[in-house]
Amino acid sequence: MRGTRAAGLTRREKYDAAQRRRSLLIAATSTALVLAALIVFIPMAPGWEKVQSSFFNGAVLAKSFPKLLDAFLVNVMIFAWSAPLIALLGLAIALARDAKSPALFPLRLFGAAFTDIFRGVPVILTVYLIGFGIPGLGLPRPWNSPYIWGSLALILTYSAYVAEIFRSGIDSVHHSQRAAALSLGLSERQVMRDVVLPQAVRNVVPSQMNMLIALQKDVSLLSFIGPVEIFRQAGVFKSLLANFTPYVGAALIFLAVTIPATRYADYLMAKQSQARR
Amino acid sequence: MAKLALRGVVKRFGDATVCDGIDLDVDAGQMVCLIGASGAGKSTLLRCINLLEPIEDGEIRLDGEDISVPGLDPHPVRARIGMVFQNFNLFPHMTAIENAMLAPRRVHNKTRDDVRDEIEALFTRFGLADRMQNYPDQLSGGQQQRVAIVRALAMRPDVMLFDEITSALDPQLVGEVLDVLLALKAEGMTMLLATHEMGFAREAADKVCFLKDGKVIEEGPPAQLFDAPQHPETQRFLARAVK
């Protein structure tokens with residue numbers, strides 16, 4: 001046993017353990033202080049009782065919560081049919097923008113125009129224009145449904161972003177992979193399908209997870225053109241009960257979904273950057 | 001007739017002339033080594049032969065057929081020429097055996113079952129029998145490079161090109177890859193190598209070409225080129241490289 005070793009620990013290990021205990025103690029103390037300050041000082045604000053009764057009213061929350069959950073199913077539904085279509089359209093646009101053959105130039109142009117337009121317009125505007133504009137053509141049921149056209153607005157907007165992420169993924173695959181695949185006699189299409197895309201898609205999974213989380217929230221924008229999803233439902237309760245607590249309830253329901261999803265995306269991101277090292 | 005014949009091959013990148021009128025013959029079953037400093041044009045020449053780069057002037061003939069005609073479909077030509085790269089370039093999302101089966105399946109429309117026996121035999125032959133189901137990042141550099149050679153061989157190429165295939169390897173892994181080249185030479189594969197392994201070139205090559213600034217300065221059997229170089233540039237290069 002060497003001189004620096006005592007009680008089974010090296011002096012470095014002892015030092016590190018002491019440092020860890022110290023950091024933990026400091027973090028715990030400061031967190032406790034901040035929490036205590038919030039609990040003590042916020043209720044001292046002059047409007048606190050009013051805010052408490054109109055935003056954090058337990059009775060209102062209990063009354064509205066089940067219906068809010070039901071309405072959230074509408075969000076989930078719109079999300080569930082939009083997400084796969086976004087993935088497909090996004091990939092198609094990404095591939096169109098990378099098309100090399102001159103015959104496909106119009107496709108490239110279309111892809112570029114598509115991403116420029118739908119990334120350049122606020123989502124809510126697209127929702128309004130498509131959601132009100134197309135049913136305004138006087139289409140017969142069910143083709144005048146705001147569910148269809150609202151979803152389409154989300155699909156178009158998100159496809160534009162998702163396409164750009166796919167494109168960055170395609171660029172992230174090293175050109176030597178292409179050279180290796182071509183040297184074996186594979187055609188450009190086969191190189192893309194068998195070698196480049198599988199790696200590109202894998203590289204952008206974490207970024208696309210973040211798009212899914214954003215989409216889940218933006219489904220609420222459809223409330224402005226009709227569908228009674230959770231945000232709209234909370235608004236109904238607000239008018240009915242003259243209380244804002246249903247909005248807090250809606251926020252809680254969103255967080256219950258988005259926080260785990262965000263954590264998972266972060267986890268994937270961290271795993272990936274570790275694999276790169 | 002030479003298996004592979006280059007006549008006056010010129011390759012430019014913008015203003016830089018990387019291959020400046022190269023003539024070269026590789027006969028069937030020969031191993032020819034290209035030596036020269038980095039930037040002499042060795043790698044670019046190999047990429048031109050495999051039609052990964054178009055050439056500006058000259059001709060490249062494979063079995064007498066001009067494969068450098070502008071507008072020629074490059075894919076069937078590449079399928080006849082195997083190439084192995086310095087950095088292996090295995091497909092990281094596929095197992096070793098999937099790497100080797102991809103091109104026969106796609107280019108020759110074979111099924112996995114059609115080619116499995118032949119490819120497994122190649123893996124076994126090069127000491128990789130227990131590595132077939134591994135992904136590239138689970139393999140050592142030497143193993144990855146041997147898988148890359150198997151992947152190229154799986155297409156049953158007429159000619160193999162090797163682009164400094166041991167340069168990215170730890171010194172103790174170089175031998176296992178060079179052994180594969182010796183085995184291929186023994187069975188009569190036609191091979192063109194860009195290499196910095198002077199000892200290997202001297203022992204194994206049928207012909208050695210010294211390149212500088214995109215030109216073949218001197219060529220000949222290894223004994224002659226290494227022991228009695230004629231051109232002062234060759235003498236200067238070898239004096240530095242062999243020490």
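Brief remarks follow.
- Rounded to the nearest 20 debye, the dipole size of the stretch A:30-116 about its Cα centre is 120 debye, using +1 on the Cβ of Lys and Arg and -1 on the Cβ of Asp and Glu.
- Estimated inter-spin distance, B:Asp15 and A:Ser53, nm [label 7 Å along Cα→Cβ]: 8.3
- Solvent-accessible area, 1.4 Å probe, carbon plus sulfur percent, for chain B: 46
- In this structure the stretch A:30-74 gives 74 Å² per residue of accessible area when probed at 1.4 Å with all protein chains present.
- Listed residues B:Val77, B:His93, B:Ala103: farthest to the positive end of the dipole of the stretch B:75-117 (Cβ charges): B:Val77
- Accessible area in square angstrom per residue, the stretch B:1-125, 1.4 angstrom probe: 41
- By the Stokes-Einstein formula, at 1.002 mPa s and 20 °C, chain A with its Kirkwood radius over alpha-carbon pairs has D equal to 92 µm²/s.
- For B:Lys42, the lysines whose Cα comes closer than 20 Å to its Cα, not counting residues fewer than 8 places off in the same chain, are B:Lys3, B:Lys11, B:Lys207, B:Lys212, B:Lys215.
- In a reduced charge model with +1 at each Lys and Arg Cβ and -1 at each Asp and Glu Cβ, the protein assembly as shown shows a dipole moment near 2720 debye about its Cα centre.
- Computed from the Cα positions only, the extents of the protein assembly as shown along the three principal axes stand at 100, 83, 49 Å, in decreasing order.
- Dipole of the protein assembly as shown computed with +1 at Lys/Arg Cβ and -1 at Asp/Glu Cβ about the Cα centre; of A:Met44, A:Pro106, A:Ala163, farthest Cα towards the positive end is A:Met44.
- For chain A, hydrophobic long helices are taken as DSSP H runs at least 24 Å long by C-alpha position along their axis with mean Kyte-Doolittle hydropathy of 0.5 or more; these are A:58-97, A:146-172.
- Relative intensity, log₁₀ I(q)/I(0), of the stretch B:109-243 from a Debye sum that treats every alpha carbon as a point, q = 0.16 Å⁻¹: -0.89
- Heavy-atom accessible surface that B and A bury in contact, both chains counted, 1.4 Å, Å² to 100: 1600
- Solvent exposure ordering (accessible area, 1.4 Å, most first) of A:Met269, B:Met189: A:Met269, B:Met189
- Inter-centroid distance (Cα atoms) of the stretch A:232-265 relative to the stretch B:181-243, Å: 74
- Rounded to the nearest 20 debye, dipole of the stretch B:29-142 from Cβ charges on Lys, Arg, Asp, Glu: 280
- Projecting the Cα atoms of A:Leu35, B:Gln172, B:Ile49 onto the dipole axis of the protein assembly as shown, where Lys and Arg carry +1 and Asp and Glu carry -1 at the beta carbon, places A:Leu35 farthest toward the positive end.
- Helix-only arithmetic for the protein assembly as shown: the sum of -39500 (n - 2.57) across DSSP H runs with n ≥ 4, divided by the residue total, places the mean residue ellipticity at 222 nm at -19000 deg cm²/dmol.
- Members of the stretch B:76-95 that become less accessible by 20 Å² or more once partner protein chains are added (1.4 angstrom probe, chain alone as reference): B:Arg78, B:Phe85, B:Asn89, B:Phe91, B:Pro92, B:His93
- The Kirkwood radius of the stretch B:69-147, taken over pairs of alpha-carbon atoms, gives through the Stokes-Einstein law at 37 °C and 0.692 mPa s a diffusion coefficient of 241 µm² s⁻¹.
- Summing +1 for each Lys or Arg and -1 for each Asp or Glu among the other residues whose beta-carbon sits under 14 angstrom from that of A:Gly111 gives +2.
- The stretch A:208-275 - percent of accessible surface contributed by carbon and sulfur, probe 1.4 Å: 69
- Among the protein heavy atoms, those of B:Thr44 account for about 20 Å² of accessible surface (1.4 Å probe, every chain in place).
The values are calculated or read from the model by the stated rules, or taken from the named source; none is laboratory data. All values derive from a computational prediction rather than experimental measurement. Using ideal geometry, Cβ is built from the backbone for each residue, glycine included, and neighbour counts are taken over all protein chains shown. SASA here: full protein model, heavy atoms, side chains in, ligands and nucleic acids out. Shrake-Rupley method; radii C 1.70, N 1.55, O 1.52, S 1.80 Å.
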